[in-house]
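Structure first, then comments.
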Amino acid sequence: LLKPEAVEAQFEQLCDEAKTYNFYSVCVNSGWVPFVAKRLRGSNVKVCSVVGFPLGETDSRTKSFETRNAIDNGAHEIDMVISVGALRSGDLKYVEEDIRAVKRACRSVTVLKVILETSLLTDEEKTIACEICKKIDVDFVKTSTGFGSGGATIHDIELMRRVVGPDMGVKASGGIRTFEDAVAMINAGATRI
């Protein structure tokens with residue numbers, strides 16, 4: 001539940017549904033992490049916080065601080081957005097250091113998913129981003145924020161899986177609305193929806 005207009009009652013409902021249906025996690029903006037962590041206490045449902053969301057254009061120090069703060073407030077997982085502009089500009093050193101900064105802030109106990117915003121990238125750029133993530137040993141590469149111009153596609157999931165190999169997680173995110181969509185993403189190589 002990442003919409004800026006979301007209200008407390010919606011977060012309560014999200015947490016209750018997550019517990020009822022045994023969802024793996026709920027994903028919220030960092031400001032809502034304390035609320036949902038408290039609401040989910042005692043359940044198996046994990047708390048995930050987005051970082052640098054939705055544009056990915058905050059600097060690395062800001063993303064690192066937001067990561068540490070979210071973890072201190074109860075987040076088990078972090079979904080960071082890369083700097084699409086840096087990637088598209090060819091500043092791969094910045095992209096790598098940005099991801100490394102958040103990875104360091106996660107320490108070794110917090111799962112890190114890196115959102116590529118695939119609808120804004122060429123296949124070559126997606127490949128480069130996945131190679132950087134593999135080099136840094138993040139836990140997942142993820143298709144999109146859901147706020148961009150498009151969501152997960154079979155093509156992107158297959159490409160990401162091919163680049164990162166069989167061991168890294170691939171998360172299909174955005175535009176998945178039916179059971180059939182979910183199955184197709186899993187069959188293409190997604191390990192999380």
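Computed quantities for the displayed model
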item: Gaussian network model of the chain, Cα within-10 Å springs - most flexible of 160, 80, 168; result: 168
item: Option label - semi-axes √(5λ) of the Cα gyration tensor in Å computed here, alternatives (i) 31, 22, 17; (ii) 25, 20, 15; (iii) 35, 21, 11; result: (ii)
item: Hypothetical label at residue 43: residues of the range 1-30 whose amide nitrogen lies under 16 Å (7 Å Cα-Cβ projection); result: 1-2, 8-29
item: Stretchable slack from residue 193 to residue 104, in nm (0.36 nm times residue separation minus alpha-carbon distance); result: 29.5 nm
item: Magnitude of the charge dipole, the chain, Cβ model with Lys/Arg +1 and Asp/Glu -1, debye to 20; result: 580 debye
item: Positive dipole terminus of the range 86-157, leading residue within 145, 102, 90 (C-beta point charges); result: 102
item: Highest average packing first - 149-156, 32-39, 19-26, 3-10, Cβ atoms within 10 Å; result: 32-39, 149-156, 19-26, 3-10
item: Stokes-Einstein D (µm²/s) once Rh is taken as the Kirkwood radius of the range 1-42 over alpha-carbon pairs, at 20 °C in 1.002 mPa s; result: 207 µm²/s
item: Accessible surface of the range 26-185, 1.4 Å probe, proportion on carbon and sulfur as whole %; result: 51 percent
item: Projected label distance in nm at residue 97 and residue 158, using a 7 Å step from Cα toward the beta-carbon; result: 3.8 nm
item: Electrostatic dipole magnitude of the range 100-141 [Cβ: Lys, Arg +1; Asp, Glu -1; Cα centre; debye, to 20]; result: 380 debye
item: Cysteines having no other Cys beta carbon under 4.7 Å from their own, within the chain; result: 15, 106, 130, 133
item: Within the range 36-61: backbone nitrogen closer than 17 Å to the residue 149 label point (7 Å, Cα to C-beta); result: 55-56
item: Sites residue 177 and residue 127, calculated FRET efficiency, Cβ-Cβ separation with R0 30 Å, nearest 0.05; result: 0.65
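The values are calculated or read from the model by the stated rules, or taken from the named source; none is laboratory data. Quick caveat, the model's predicted, so the values are computed rather than measured. As a convention, Cβ positions derive from the backbone with ideal geometry for all residues, glycine included, and neighbour counts pool all protein chains shown. Just so you know, the surface numbers come from the protein's heavy atoms only, side chains and all, with ligands and any DNA or RNA stripped out. Shrake-Rupley method; radii C 1.70, N 1.55, O 1.52, S 1.80 Å.
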